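The values are calculated or read from the model by the stated rules, or taken from the named source; none is laboratory data. Bear in mind the structure is a predicted one, so any value in this text is a computation, not a measurement. For neighbour counting, all protein chains shown are included, and Cβ atoms are generated from backbone atoms with ideal geometry for every residue, glycine included. All accessible areas refer to the heavy atoms of the entire protein, side chains included, with ligands and DNA or RNA removed. Shrake-Rupley method; radii C 1.70, N 1.55, O 1.52, S 1.80 Å.
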Amino acid sequence: MDFSVSKLHVHEELMKKTLSEVLTEVKVSKLSELNEESLLKLQKKPLANMIISLVNVFEMNLSICKSAAERIDELKSEQIELQKNLIAIQNHQIESVKATVKSEMNNGLKSWSDVVKKNTSQVQSNLLTTTKKTVKQVMEKVNEEERKSANLMIYGLPEVENEKIAIAVDEMFMSMNLSTPKVTFDCYRVGKKQEGKTRPIRLECQNRGDVDFALVHSRRLKNSARHSRVYLGPDRSKEQRLEHSLLVKQMKELIKKDATKHYYIRNNRVLSADRDKP
C-alpha cells in the first residue's frame with residue numbers, strides 16, 4: 001500500500017465505522033462501557049465476524065505504518081540527493097561564471113562591471129523564458145495528476161458485445177461487499193478494441209478518497225468467484241505507466257531467481273517478504 005495523507009483519512013473513517021459496528025453489536029453506546037461481560041453475551045458467529053473485522057483493520061493499520069516508515073526513509077534519501085545535486089549545480093554555476101569572466105576579459109573588457117553589463121540582459125531574458133516554460137510544464141503535470149487521482153482503473157473485467165459497463169462495475173463492487181462510489185462522472189473502456197484483448201475500464205469519481213477506499217479493499221476480489229481475475233489500480237500517466245512496467249519486469253525477474261519469497265511493488269520500489277508458512 002502506497003502511503004499518502006488521503007489514505008490516512010480513509011483509514012481513519014474505516015476505523016470509526018468498524019468501532020461503531022462493534023458498539024452496535026455489543027449494544028453499548030461508548031467504548032468505556034465495553035467490557036468482558038458485554039462481549040460474553042454475544043453468540044459465536046457475531047463475535048467471530050467482529051474479530052475478523054478488527055483483524056482486517058489492524059492489518060491495514062500495520063501496512064500503513066510500514067508504508068509510512070518506508071516513505072520517511074525515502075524522503076531522507078531524497079533530501080540527501082537533492083542537497084548533493086544543489087551543491088553540484090552551485091559549483092557548476094561558479095565555474096561557468098569564472099569561464100565567462102575569463103573569456104570576456106580576454107576579449108578586451110577591462111573590468112568586472114563591463115562583464116556584468118554585457119551579460120545581464122541576455123541572462124535575464126533566457127532566465128525569464130526558461131522560468132515561464134518550467135512553470136507551465138509543472139502546472140500541466142500537477143493538473144493532470146490531480147485529475148487522474150480521482151480515477152479508478154479496473155483491469156480484467158470481461159468485455160462483451162452491447163455490454164452495460166455501469167451494471168458490470170456495480171456487480172464487481174457488490175462482490176467486494178462495497179457500494180459503487182455515490183458520485184461518478186463517467187465509466188468507459190479505455191483504448192482501441194482488439195480481438196482477444198480485454199480493455200481496462202476507467203471510472204471517474206468525484207474525489208480521490210473514493211478511489212483510495214476502493215484500492216484499500218481491492219484484495220477482496222481474490223475471494224470472488226466471478227471477479228478473482230479482476231484487479232484495481234490508480235490511473236497512471238504515460239510516464240508513470242512506463243515506470244510501473246519497468247518495476248513489474250524487475251519483479252518478474254526476481255521471481256524467476258527466487259520464487260520462495262513474496263514480491264510486491266510499493267512506493268516505486270520492488271520489495272520482498274517471506275511467504276507465510278502453512
*Average accessible surface area per residue within segment 144-278, 1.4 Å rolling probe, Å²*: 69
_Ignoring ligands, DNA and RNA, please state the percent of accessible area on segment 229-278 from carbon and sulfur, probe 1.4 Å._
51
*Once you have a ≥ b ≥ c as the square roots of the Cα gyration tensor eigenvalues for segment 139-258, tell me rounded if a/c is under 1.5, and otherwise prolate or oblate according to whether a/b is larger than b/c.*
rounded
_Virtual spin-label span in nm between Val248 and Leu40, 7 Å along Cα→Cβ_ = 5.5
*asked:* Run through segment 176-232 and list the trypsin sites (Lys or Arg not before Pro) located in a DSSP loop whose Cβ has at most 10 other Cβ atoms within 10 Å.
replied: Lys182, Lys192, Lys193, Lys197
*Area of Cys205 that stays accessible when all protein chains are in place (1.4 Å probe, Å², to 10)*: 10
